[in-house]
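The values are calculated or read from the model by the stated rules, or taken from the named source; none is laboratory data. The structure displayed is predicted, hence computed values, not measured ones. Here the Cβ positions follow ideal geometry from the backbone for every residue, glycine too, while neighbour counts run over all protein chains shown. Calculation scope for accessible area: heavy atoms of the full protein, side chains included, ligands and nucleic acids excluded. Shrake-Rupley method; radii C 1.70, N 1.55, O 1.52, S 1.80 Å.
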Amino acid sequence: MMDSSQRPMHVATLLIYSLPDKAAENYLSQLVQDLREEAEFSDPFNKRLIKPSPLGLLPLWKIDSDLDMEYHVRHLALPRPGGERELGMLVSRLHSNPMDKERPLWEYHVIEGLENNRFAVYFKMHHALVDGIAGIRMLQRSMSTNPEEINTPALWAAPAATENQNPPAAKHIGSVVRSGSNLVSNALLPAVQRLGQLIGASMDEDDPITLPFQTPVSKLNARIHSQRRFATQLYDFERIRKLSKAGDCTINDIILALCSGALRRFLRDLSALPGEPLTAGIPMSLRAADDQGAGSAVTFLIANLATNIADPLRRLNTIKASTRRAKSVLDGLSKQSIDIFTALLMSPFSLQAATGLEGRTRPVFNVTVSNVPGPREPLYFRGSKLEAMYPVSAVTHGQALNITCYSYAGTLSFGFAACRDTLPRVQRLAVFTGEALEELERALLPEPAGKKSRSAQP
């Protein structure tokens with residue numbers, strides 16, 4: 001329902017592969033042909049919208065196994081020299097295009113012509129079908145840790161471990177009815193009580209808790225248009241881990257500190273840095289480690305990014321205190337209570353979306369920053385090694401920038417998705433995260449790591 005031409009609500013992953021040794025000249029064209037012939041579909045690749053629904057309210061899903069595979073699997077090529085810039089420009093354009101809601105909501109683009117004997121895959125799916133963790137696990141199921149394995153299934157044909165284990169509808173409905181009588185005492189009341197405690201804590205100036213709307217209006221929070229920009233950065237994960245250990249904080253805290261330092265520099269150069277600190281909305285997965293299902297299962301934390309603080313260590317300590325306090329709010333709550341608490345906490349965001357006030361009033365928070373853990377071992381798809389994977393997330397009115405990170409095989413990748421018109425020059429923001437990383441290394445480590453990051457600057 002949030003989807004529109006100006007804010008298409010799809011998310012994507014950009015995968016960079018190296019071609020196998022002695023790959024035939026027709027390797028990629030043959031790969032595309034083979035993929036188009038794989039017409040077995042696991043959930044949610046076989047779901048199509050019924051719109052309007054028979055009830056005339058929310059759209060419903062219908063199973064559709066007769067897909068036009070030439071539409072869903074596409075073969076593209078980069079112009080010379082096939083560098084990061086050309087790839088970034090193409091991905092920016094692909095991510096600007098809305099999805100055809102008359103078809104199952106996914107696309108798989110194979111992109112050849114990338115320099116250094118590589119090719120890319122841009123995989124796009126609607127956010128109504130997938131969240132970050134689910135997307136990573138989908139991709140992982142279609143690949144192997146064995147470079148000799150050449151028969152791994154296509155992404156859409158790889159079944160989830162839990163597929164077909166859902167209870168019959170009648171049993172599920174009966175379970176819901178039976179649990180309804182316990183909802184108030186077991187889930188709703190604890191969530192409401194915790195929200196009340198949160199509001200009370202916000203009255204204490206010494207409490208680092210951050211609530212919705214406790215944030216300035218910034219250049220990040222305007223209305224958006226349909227076109228996107230995309231930029232990336234790739235770091236050795238060990239650099240992040242060392243900073244986390246030296247700073248006595250989490251990996252997420254270091255990521256937030258890098259984003260904070262980069263945003264501070266980026267907005268200062270535009271003469272648009274607010275005097276109050278920016279805040280971040282941080283999606284936190286509620287998905288169990290063995291949950292291979294699709295759909296979204298997240299809650300939200302709101303944290304102080306301390307962009308008003310010049311000193312990197314003070315900035316990091318402020319972020320650390322804010323995130324620890326935000327997480328403590330959820331301590332002891334059941335998953336059902338967390339779901340209700342999240343709905344209550346984010347209701348202002350939903351209300352803004354429903355009334356069209358996004359980007360016209362004070363934002364609930366300034367920017368979404370997400371960290372999605374990925375596979376730790378190198379992966380291969382039919383002999384091609386996965387070298388890197390980058391998230392390409394959605395932006396919306398009032399949130400013209402989204403920063404998402406993936407960890408994979410000893411690396412940490414940043415994907416910066418932004419509205420092309422509202423937030424120009426987003427590639428500079430990507431570069432500034434590298435400067436923020438080096439700044440933290442100088443402050444926290446006895447010797448700077450001195451390793452260079454790789455960046456794409458579309």
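Residues whose amide H lies under 5 Å from that of L357, counting only those 5 or more places away or on a different chain, are absent; hydrogens are built 1.01 Å from N in the peptide plane.
Probing with 1.4 Å while keeping every protein chain in the model, the per residue accessible area of the chain equals 46 Å². Taking K320 as the anchor, which aspartates and glutamates have their alpha carbon closer than 14 Å to its alpha carbon, excluding any fewer than eight residues away along the same chain? Within the straight-line limit of under 14 Å, K320 reaches these aspartates and glutamates: D207, D248, D253.
Take 402-408, 372-378 and order them by the average number of nearby Cβ atoms within 10 Å per residue, most first; the result is 402-408, 372-378. Legend: residues L444, L351, L263, sorted from most to least accessible area (1.4 Å probe; ligands, DNA and RNA excluded), read L351, L444, L263.
A 1.4 Å probe, protein heavy atoms only, puts the accessible area of E38 near 50 Å².
Please report, as a whole percent, how much of the solvent-accessible surface of the chain comes from carbon and sulfur atoms (probe radius 1.4 Å).
51
For A388, the amide hydrogen comes within under 5 Å of the amide hydrogens of I16, counting only partners 5 or more places away or on other chains and with H modelled in the peptide plane.
Dividing the mean sequence gap of close Cα pairs (under 8 Å, 6+ apart) by how many residues the chain holds gives a relative contact order of 24 percent.
Does the chain come out rounded, prolate or oblate by the C-alpha gyration tensor, with a ≥ b ≥ c the root eigenvalues, rounded set by a/c under 1.5 and, if not, prolate when a/b is larger than b/c and oblate if not?
Working: a/c = 1.59, a/b = 1.12, b/c = 1.42.
It is oblate, given that a/c is not under 1.5 and a/b is not larger than b/c.
A Cβ-based charge dipole, computed about the Cα centre of the chain with Lys and Arg at +1 and Asp and Glu at -1, lands at about 980 debye. A 1.4 Å probe, protein heavy atoms only, puts the accessible area of I309 near 20 Å². The modelled label-to-label distance for the pair T355/D34, using points 7 Å beyond Cα in the direction of Cβ, is 5.5 nm. Overall, segment 184-293 carries a charge dipole of about 660 debye about its Cα centre when +1 sits on the Cβ of Lys and Arg and -1 on the Cβ of Asp and Glu, all other atoms neutral. Along the axis of the charge dipole computed for segment 297-411 (Cβ charges of +1 for Lys and Arg, -1 for Asp and Glu, origin at the Cα centre), the listed residues T404, I309, F341 are led at the positive end by I309. Along segment 328-345 the Karplus relation, 6.51 cos²θ - 1.76 cosθ + 1.60 evaluated at θ = phi - 60°, assigns HN-Hα couplings of 5, 5, 8, 4, x, 8, 6, 4, 5, 5, 5, 4, 5, 4, 4, 4, 5, 5 Hz to successive residues, with x for each Gly and Pro.
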